[in-house]
Amino acid sequence: MNETTLIYGIVLGAAAFLALRWMPGSLRTRIGLKNGAACASKSACGSKDCGGCH
Amino acid sequence: MNGPAAPEIALVGCPNSGKTSLFNALTGSRQKVANYAGVTVERKEGSFVTPSGRPVKILDLPGTYSLRGRSPDEIVTRDVVLGRLAGEEIPDAVVCVADATNLRLVLRLVMELKAVGRPMVLALNMMDVVERQGGRIDVERLSQELGIPVVSTVAIKKGGTAALLSAIDTLPLHEDPPTEHGWREPSAAEIRAAHAEAARILHECAFHPGNEHLTRKLDAVLLHPVFGIVILLAVLFLMFQAVFSWAAPAMDLIKATIEWTGVEVGGVLPDGLLKSLVVDGIFAGVGAVLVFLPQIVILFFFIILLEDFGYMARAAFLMDRLMAGTGLHGRAFIPLLSSFACAIPGIMAARVIENRRDRIATIMVAPLMTCSARLPVYTLIIAAFIPDRRVLGGFGLQGLVMFGLFAAGIVSALAVAFVMKKLIWREAPEPFIMELPDYKMPAPANVALGLWIRAGAFLRKAGTVILALMILIWFLSTFPAPPEGATGPAIDWSIAGRIGHFLAPVFEPIGFNWQIVVALIPGMAAREVAVGVLGTVYALSATGDEVGRALQPVLAAAWSLPTALSFLVWYVFAPQCVSTLAVVRRETNSRFWPAVMFAYQFALAYVAAFATFHIAGALLR
């Protein structure tokens, strides 16, 4: 695998990861993924009150 | 042929009674989470099998102190219990969960639930804590007084729900609901009578030593109208001083480790794109954020300690007078306090506020409280531009500035609330009643667990969202490559560089250069990413000897002091978080309020940064 292919693979992987992470709940359901509210941080806000709510 | 549907039990109780722990203990992983139709209140349903083999469905209802239903959560609980909520069957039975260490409030709720007329059990949760504290509850007597089965539970222990399961087995489930329930909104006299009856039952059935004497003595000082406020300010001040001074050695160690690893890894890789991605993108970007782990841990150490000690509720009490002056409801304190961690749970916590305008005012100002994601930004700029020296009899100047930024967030939140509630809506605040818990020594294991969870969350975010964002930022800052023979840093030719240069004129009046503008855009996803982006953008902008220098001295050389101050002020006010706006949209069920929030925060940030930049510039001239 050459360096450029590897770089593009990493960048596309990162973009796909973020797209899935921030996909709205309605769209997520429509394309057959697990339902749930869009969450930017998946409890990473660190708040005691965060029940994975966002 | 199908048999009859499994009976449904509603789990009702006061907030923080351990209801959800009990629900989890009963259902394990057999849970379904959704929302009630038309509202943003979470609906949790599960199932379990009783000792006699009977399958039962169970609904975990939002916590409430009564069936009067003042907030959206409480209205859902009331309507489900009364069978009024569209799409919900009236439950076959009710399990009322009580915090056994604080029975008084729940007894009133039990009396209201009894009036509904469904089969019912009272589960005294946390009985182990009552016994550990030397208290006792006469469960049999309590059952006689209330006229319903009463059982002890310890939701967090294996087998702690056995008595409850047996009691559910004895309930007459599957009976037709009565055509008329016996509950109606109680009058003030009936509420007072219920209070008196609850006090009588409590006196007959429970003995709880508590530490009332100590609590009274401490409250005499900590809730004093003058000393109380002075102590609260001193505690907050100490907290921010500690965030700076205690964290320094650990931060230096992490910084040195990341730099050393970056050099070692960079040395192994041949020159080229991959090396640039690893060194300029990942190490410069993610490393710039990771350095702030010790400060996050210290900040939360204080917050958890004060919460466990019982001081946070006192702080709410002390702040109530101040908040009432601005038109905010006393219940707004907890959402605003939660917003110091993150505005999103703070905004969601505003559901406990009954009046819609009070709730919206709280939601609107919650993002002005200084969330933990701002900490890396503040720390970076303060460390680069504010000298590390002692002032005013030994206080660290850097900690003082940090305290000032947190204070600016609080003051601006109160000012915005004042404008909304007193000038636009012209409403008087509703009275605020809250229960102050006894003081207790924080359990080291609980504090350690809390810190572990928060440190883990921060590291997880750095290793996932921030890492992915930094890879994209590196890509946008690297491609397209400059043409042959081009001079200057390659980033000037990149997509990010072009966007930065394009938008720079908008932000030039507030002293921002194009690199800052590039950092603001992904900073909308997560505020602390701005630090990482600055790390990457300046690493890629560097030429010759500048390459590889730590971000802090680079910024100190590249920015003027007015620009740094303007940047700090921008971060106090700016709507720098898309997730917050999304949650406001969800919680208000409207596009109008997130738009208002974005507009007023942007305007406030721009005006404040503009004033800061020009005043600081004039003073330093």
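The values are calculated or read from the model by the stated rules, or taken from the named source; none is laboratory data. Every value quoted in this text rests on a predicted model; they were computed, and no experiment measured them. Methodologically, a virtual Cβ is constructed for each residue, glycine included, from the backbone with ideal geometry; neighbour enumeration extends over all protein chains shown. Side chains are part of the model used for accessible areas, which takes the heavy atoms of the whole protein and leaves out ligands, DNA and RNA. Shrake-Rupley method; radii C 1.70, N 1.55, O 1.52, S 1.80 Å.
Side notes on the structure shown:
- When both the stretch B:316-341 and the stretch B:380-431 are represented by their alpha-carbon centers, they are found 15 Å apart.
- Mean Cα-pair separation over length for the stretch B:227-375, i.e. relative contact order, pairs under 8 Å, 6 or more apart, %: 19
- When the helices of chain B are scored as -39500 (n - 2.57) per DSSP H run of n ≥ 4 and the total is divided over every residue, the value at 222 nm lands at -17500 deg cm²/dmol.
- Fraction of beta bridges assigned by DSSP in the protein assembly as shown that are antiparallel (%, nearest 5): 45
- Across the protein chains, with a 1.4 Å probe defining accessible surface, the residues B:S477, B:S245 rank B:S245, B:S477 from largest area downward.
- Considering only chain B, percent of DSSP beta bridges that pair antiparallel, nearest 5: 45
- Crossing angle, helix B:188-205 versus chain B [Cα axis fit, 0-90 degrees, rounded to tens]: 80
- Take each residue in B:271-278, count the other chain C-beta atoms within 10 Å of its C-beta, and the mean is 3.
- B:R70 long-range amide H proximity, modeled H, under 5 Å: B:I75
- Chain B: relative contact order as a whole-number percent, Cα under 8 Å and 6+ apart: 11
- Heavy-atom accessible area per residue - the stretch B:324-438, 1.4 Å, Å²: 36
- Area of B:T379 that stays accessible when all protein chains are in place (1.4 Å probe, Å², to 10): 10
- Between the stretch B:438-466 and the stretch B:218-274, the Cα center-to-center distance that results, in Å: 15
- Shown are A:R30, B:R68, B:R216, B:R359, whose ranking by accessible area with a 1.4 Å probe and every protein chain present, most to least, is A:R30, B:R216, B:R68, B:R359.
- Compared with the dominant Cα axis of chain B, that is its longest principal axis, helix B:356-365 is turned about 30°.
- Buried between B and A is an accessible area of approximately 2300 Å², summed over both sides with a 1.4 Å probe.
- Flagged links, alpha-carbon separation over 25 Å, of B:K217/B:K422; B:K19/B:K440; B:K114/B:K440; B:K44/B:K461; B:K275/B:K461: B:K217/B:K422; B:K114/B:K440; B:K44/B:K461
- Counting, for every residue in B:455-467, the Cβ atoms of other protein chains within 10 Å of its Cβ and taking the mean gives 4.
- Extension gain, B:L423 to B:I191: 0.36 nm times the residue separation minus the Cα-Cα distance gives 80.1 nm.
- Accessible surface of A:Y8, taken over heavy atoms with a 1.4 Å probe and every protein chain present, rounds to 100 Å².
- For the peptide B:365-374, the mean number of other protein chain Cβ atoms found within 10 angstrom of a residue's Cβ is 1.
- Area of B:L620 that stays accessible when all protein chains are in place (1.4 Å probe, Å², to 10): 100
- With Cα atoms, 0 to 90° folded angle of helix B:514-523 axis to chain B main axis: 20
- Label-point gap, in nm, between B:V263 and A:W22 - each point 7 angstrom along Cα→Cβ: 3.6
- Full extension of the chain segment joining B:L274 with B:E204 gains 17.7 nm, where the gain is 0.36 nm per residue of separation less the Cα-Cα distance.
- Whole-number percent relative contact order across the stretch B:290-427, with pairs defined as alpha carbons under 8 Å at least 6 apart: 24
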